[in-house]
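Worksheet: the structure to be examined is printed underneath.
The values are calculated or read from the model by the stated rules, or taken from the named source; none is laboratory data. Note that the structure is predicted; figures quoted are calculated from it, not measured. Cβ placement follows ideal geometry from the backbone for every residue including glycine, while neighbour counts extend to all protein chains displayed.
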Amino acid sequence: MAEKNKLFYQRSVEDVMAQMKSQANGLTAQEVLDRQNQFGLNKLQGKRRTTLLEKFIGQFKDLMIIILIVAAIIAGIAGEHIDAIIIIAVVILNAIFGVFQESKAESAIDSLKQMSAPMATVLRNGESLSVKSDQIVPGDIVLLEAGDIVPADIRLTEANSLKIEEAALTGESVPVNKQVATIADDDLPLGDRKNLGFMNSNVTSGRGVGVVIGTGMNTEVGKIAHMLNTTEESVTPLQENLKQLAKMLTILILIISVIVFGVGMWRGQENVLDMLLTAISLAVAAIPEGLPAIVTVTLAIGTQQMAKHRALIRKLPAVETLGSTDIIASDKTGTLTQNKMTVEKVFLNEQLTDSSETKLTLENRLAQIMVLNNDTKFQEGQLGGDPTETALISFYLNQDQPVQQFISKHERLAEIPFDSERKLMSTYNQFADDQIMMTMKGAPDQLLERVTQIQDGDQIRQFTDADRQLISETNHQLATQALRVLAFAYRFVDKVPTELTSDAQEHDMTFVGLIGMIDPERPEVAQAVAEAKSAGIKSIMITGDHQDTAQAIAKRLGILDRGDTSKDTAGKVMNGAQLDEMSDSQFEKQVGDISVYARVAPEHKVRIVKAWQKKGKVVAMTGDGVNDAPALKTADIGVGMGITGTEVSKEASDMVLADDNFATIVTAVRAGRKVFANIQKSLQYLLSANLGEVLTLFVMTMMGWEILAPVQILWINLVTDTFPAIALGVEPAEPGIMKRQPRGRSSNFLSGGIMSNILYQGFFEGAITLSVYAFAILNPVHGTDALIHADALTMAYATLGLIQLFHAFNSKTIHQSIFRVGLFKNKFFNWALLGSTLLLILTIVIPGFNQMFHVTKLVPSQWLVVVLGGFMIVVVSEVVKYVQRHFFDKQ
């Protein structure tokens, strides 16, 4: 049936009724029961859910987690049970958090199910019944009126001034005027299938009747649900980077450990158990076991900061991913625009003015027609009804005009309803002195055919060809700006006519003016687009709206060049039909030139996102409708709207904007870039420190020296890796972070000079530690060999710990001098360094720890050497940074 749905709009009512085996008085009870057994309930289906246990086990498939488990086992073998317990605790907490996030993500399809209308009115056995929407079957006759939610996909059989708002499904900001007549065109987008009604769309005015042609998963919303079920979750740059890093570290750790074990056994200086413990020490030294926890904490802090700016993160990796964004693909309606029609231009007395400069009272004839020829409902301070009509009322409410009192005073006596063929609506309202004013509003071309006079100021004169030309030119001018134009006219009659038809009554009208309306852009968006552009991020618009409207809004926002007044915009604007005609390879070649996509379907949005991703770009997709959900899920980061967004779009998103403010995305990008930079700082600090430990142990083993004990390495890792690295994660953003080009998908944590920094810094940490060890051997304080070696190992242990803590200051900035960024601005960093230093020193100076950590008490002269040795890494780093800035950095 899903394939046949595409053709229902091309078929007559009789053909559709015959195909659905339905009749005008509805189905019988038995027919309903039979069809429920055949087609099932009118509900959306979700994919099989994994159990909590399956989710939990799945968290341990990550390579870095496997390395952590190995590290815990190694620590346990080495006798460091507390350290092993800490590592296992980190692993379990990480798994629990992953299960929580995965469970929340799965609720997207649940929200889609909950959107179904709870009740619907159907005709069965000739009787009108109210039934639960999930009980509706194909062939049911559905009755619709203003305020209803369409319960299934239907082919309309009657439509009386029926308008249905389909923005959540099609992106069309204006309700669609529905019709019954057959449409012959092939492959029309959903928004142009005007004789169909779609599940979960809203009836804004009028009434209608339709036969159900699709239920549940066989509806257009069902297709989206299927896309959500089958869309694979994209892997974020953060996840890719950690996976690559884990793989690289695993290989290096195995190689170095095997070499050290083999060389030690070959030299014959140690037994198998001692060399195994040495290899284990090397492995523990190389593994940055605190990295996943540090990344998680850094991301969590980033989410808290972003929440203060109204950006709510649903999935932690989204913080960093947004910082690497190359493309922001944004829905138009409700995201770039306000999702409400607004009067923007007024043409009155042969003058075209901005609405902000136009002050009209209800004494003015144009104002009277605008509020009287209007079906807007006043409901508890809210305006309900067609957005075009509510915009007309809002225009005068914003000018503090007594609209409701005026409407009440001038009762509507009769009307000639709007229909989509003549595109006009007329009303008869009571005025003073027993006068009745006939008002008319509608499409300018149709209204002008019925005009014989024009109001010019306080005078009424004959309508001339010059008047017609001026009004037509003004209408064209407004239309080219993508404004929806309405014309207004009136005449007075003595009584309400008995024959209320267009042919009989809509003539000899007096033209008053034109109104130009548009769903306006959000005022802050243009600046946000400009800021994104300065940050090297391309903004593109993807909308289901008309091409002219999309193009006009895009120019006003700066997504398209505002100075481009040419009509040829083929290289910048594309519609869904044009996209369908292109192969994937053709589209991928042109995607970089296109900034606006109009009249697109949900599958088009997914295709656009994937085309950018194939070019290696990181794509953020914003949206608020049901139709956006598949693309939000496909994109590297989906950004939902918290106020206007449907629950489906929110649940499918990685981040939700609580204020629906596009500018918040720029704030989030800045936060994301800061998070990535801080993770890089932490990573540089951790890996260079671990490399220093590995080199120290490796050289000691190669030279046949006594080496640091596993418990010493584990303690250094515990006190120096965790807190300082977390503190680096909350460093403030460096100046100019939003002037850099996006990192893109090809970058990683080791790019931007990080890898070279890790290598030279790790080398010098190891070299300085070994130098202190050698100095202690050559300049002994005690006489016996045993004490000399014990002091040397203690000094090496203390130096290796302190050098890492000094190096934490270096890592506060990648390339700048630490003396220019503020050494002590980060209070958490200061306390972290102080605490770690005390924990390291206490193992040496407090009695009872000596045997546990295999250390001796040092005299002041030895401490001086240790402190100077540790500080040397600052001197080395500052010299290298100076050389990099002045001789290699051309910026």
* To do: Report, ordered by the first and then the second residue, all pairs with beta carbons closer than 9 Å, sequence separation of six or more or different chains, a first member in region 201-217 that is part of a helix (DSSP H, G or I), and a second member that is modelled with pLDDT of 85 or more and crowded, with 24+ Cβ neighbours inside 10 Å.
  => G216/N42; G216/A152; G216/M199
* Output the helices (runs of 4 or more DSSP H) that fall wholly within region 25-82 and possess 3 or more residues being modelled with pLDDT under 75 and either on the phi < 0 side of the Ramachandran plot or over 27 Å from the mean Cα position of the chain (by Cα) (or both), or say none. => 52-58, 63-77
* Since M872 meets every condition but one in (1) without any contact (Cβ under 8 Å) to a residue 40 or more places away in the chain; (2) in a helix (DSSP H, G or I), which condition does it not meet? -> (1)
* **Residue among D326, D375, D331 that is surrounded by fewer than 23 Cβ atoms within 10 Å (Cβ to Cβ), in contact with a Gly (Cβ under 6 Å, 6 or more places away or on another chain), touching a residue at least 60 places away in the same chain (Cβ under 8 Å) and assigned by TED's automatic domain parsing to the domain that holds L557** => D326
* Return the only residue of F431, F418, F395 being surrounded by fewer than 18 Cβ atoms within 10 Å (Cβ to Cβ) and of a type in the set (F, W, Y). => F431
* Say whether the condition of being among the aromatic types (F, W, Y), touching a helix residue (DSSP H, G or I) at 6+ places or on another chain (Cβ under 9 Å) and outside any helix (DSSP H, G or I) is met by at least one residue in region 449-463. => yes
* To do: Looking only at region 116-135, decide whether some residue is in contact with a helix residue (DSSP H, G or I) (Cβ under 6 Å, 6 or more places away or on another chain) and modelled with pLDDT under 60.
  => yes
* Asked: What do you reckon, is L348 at pLDDT 90 or above, over 29 Å from Q547 (Cα atoms), among the hydrophobic types (A, V, I, L, M, F, W, C) and in the same structural domain as R491 (by TED's automatic domain parsing)?
  -> no
* Look at region 734-773 and say how many of its residues are small (G, A, S) and modelled with pLDDT of 80 or more. => 5
* Asked: If you scan region 405-448, which residues turn out to be over 27 Å from A479 (Cβ atoms) and not in a strand (DSSP E or B)?
  -> Q405, F406, I407, S408, K409, H410, E411, F431, A432, D433, D434, Q435
* Mind listing just one residue for me: the one in region 521-549 that is touching a strand residue (DSSP E or B) at 6+ places or on another chain (Cβ under 7 Å), crowded, with 24+ Cβ neighbours inside 10 Å and at pLDDT below 85 and, of those, farthest from I327 (Cα to Cα)? => D545
* To do: Report yes if Q368 is crowded, with 20+ Cβ neighbours inside 10 Å, in contact (Cβ under 8 Å) with a residue 12 or more places away in the chain and under 46 Å from the mean Cα position of the chain (by Cα), otherwise no.
  => yes
* **All positions within region 136-163 that are modelled with pLDDT under 90 and charged (D, E, K, R)** => E145, D148, K163
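Conditions tested, residue by residue: (1) touching a residue at least 24 places away in the same chain (Cβ under 8 Å); (2) out of contact with any strand residue (DSSP E or B) (no Cβ under 7 Å at 6 or more places or on another chain); (3) closer than 29 Å to A733 by Cβ.
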position	(1), (2), (3)
N779	no, yes, no
A786	no, yes, no
Y797	yes, yes, no
Q804	yes, yes, yes
N810	yes, yes, yes
I814	yes, yes, yes
I818	yes, yes, yes
N826	yes, yes, yes
